[in-house]
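The values are calculated or read from the model by the stated rules, or taken from the named source; none is laboratory data. Not measured: the values here are computed from a predicted model. Because the Cβ atoms are built from the backbone with ideal geometry, glycine has one as well, and the counts that use them run over all protein chains shown.
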Amino acid sequence: MGGLGILSYKTVTPHAYAAASEAADTTLAPILTPGSLPDSTQLITQHQRCQEIFTGNKEALLGSLNPEQAKAVVEASSKLGRVWLTTIPFQPSLRLTDFEVAAALQLRTLAGEREAHCTNCGETNFFGHPEVCLQRRFRRVARHEGAKHIMGQALASTPGTRVRLEPLGHQTSGRNDIQATGLANAEYDLTVVSLANKDARATELPNQDINPSRLVNKYLYSVADHKVRHRPTSNLPFHPIVVLLGGMMNGSTTKVFASWIRVMARGTYNLMLKRLSLCILQARVRSFEL
């Protein structure tokens, strides 16, 4: 699928023609032959007609990949993982360099790095190795702080909401990343993790299940559960925010974002998603070698 999931013209043409013909017939029939079609005629759109092909292509692709690559495809298909592809760079924070675009597309198309062995540590250069290589510069702090400030700024711009970053916990020295009071009354703690780390690669499902979506979600759940069990004491509701370097979020984080969209202006929320997508992507590719 080329990493973008675009069907070929030859594949789409018959389905597009059928959908267009059906829509035209439905529109013209009442004019040319009144009463020939019931009012409740349900059209089958081109998107619906092509859905079966998309599903078949996806299953065939996932079945041909190794576990790391299959999970990378699932990760890249997430909302946050693909927003950067359609972002218009109308301000500096939304711009990518040529290197960042090239590295991002190599990751998205599962090309990985050129060398079979890492030139920094000598280990096998498996897909995602640059994100966890001990001999390369880690970007954990940069990606965490960048994402934290982007979310904090978006929440702070919401009328009736007061935001504090890393407030002291209740009767403890521990800190959560974001405290919001007002419309979004809660504390949030952010973690950005990689599917290439040992815990993610060691995650298994019962009955030898190798479904990549379920494997990724199980790992994300374990990270979120760890944050809940080790959270600083607070008088406010606590929500862990767990995001993969490829943009995928766990279920509870998706619910948090859904609650934010109800209190934020649409433009503010969309800009936050775009900035988050680019921030995480830029941190991810800085250790990458073309």
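Quick notes
- Evaluation of residue 152 against (1) over 18 Å from residue 80 (Cα atoms); (2) touching a residue at least 24 places away in the same chain (Cβ under 8 Å); (3) outside any loop (DSSP other than H, G, I, E, B) (one fails), failing number: (1)
- Of all residues in the range 86-123, those satisfying the criterion of being in a helix (DSSP H, G or I) and more than 30 Å from residue 205 (Cβ to Cβ) are 86, 92, 93, 94, 98, 99, 100, 101, 102, 103, 105.
- Lone qualifier among 259, 277, 287, 234 - being among the hydroxyl-bearing types (Ser, Thr, Tyr), out of contact with any Leu (no Cβ under 6 Å at 6 or more places or on another chain) and part of a helix (DSSP H, G or I): 259
- Residue in the range 164-179 that is hydroxyl-bearing (Ser, Thr, Tyr) and in contact with a Leu (Cβ under 7 Å, 6 or more places away or on another chain) present: no
To keep it simple, each residue is scored yes or no on (1) over 21 Å from residue 196 (Cβ atoms); (2) over 21 Å from the mean Cα position of the chain (by Cα).
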site: 86; (1), (2): yes, no
site: 90; (1), (2): yes, yes
site: 108; (1), (2): no, no
site: 120; (1), (2): no, yes
site: 124; (1), (2): no, yes
site: 141; (1), (2): no, no
site: 147; (1), (2): no, no
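- Being over 20 Å from residue 73 (Cβ atoms) and either in the same structural domain as residue 147 (by TED's automatic domain parsing) or not in a loop (DSSP other than H, G, I, E, B) (or both) holds for only one residue in 228, 243, 216, and it is 228.
- Any hit, the range 148-162, residues being aliphatic (A, V, I, L, M), at pLDDT below 85 and under 27 Å from residue 259 (Cβ atoms): no
- Qualifying residues in the range 185-242 (those that are aromatic (Phe, Trp, Tyr) and in contact (Cβ under 8 Å) with a residue 60 or more places away in the chain) - the one surrounded by the fewest Cβ atoms within 10 Å (Cβ to Cβ): 238
- Among the residues making up the range 118-151, a single one is of a type in the set (Lys, Arg) and touching a Pro at 6+ places or on another chain (Cβ under 9 Å): 136.
- Here the condition is being modelled with pLDDT of 85 or more, out of contact with any Gly (no Cβ under 8 Å at 6 or more places or on another chain), of a type in the set (Gly, Ala, Ser) and not in a loop (DSSP other than H, G, I, E, B); of 19, 29, 72, it holds for 19 alone.
- Residues of the range 194-224 classified as under 24 Å from residue 151 (Cα atoms) and either touching a strand residue (DSSP E or B) at 6+ places or on another chain (Cβ under 6 Å) or of a type outside the set (Val, Ile, Thr) (or both), total: 9
- The listed residues are 142, 154, 184, 196, and the only one of them that is among the aliphatic types (A, V, I, L, M) and closer than 17 Å to residue 248 by Cα turns out to be 196.
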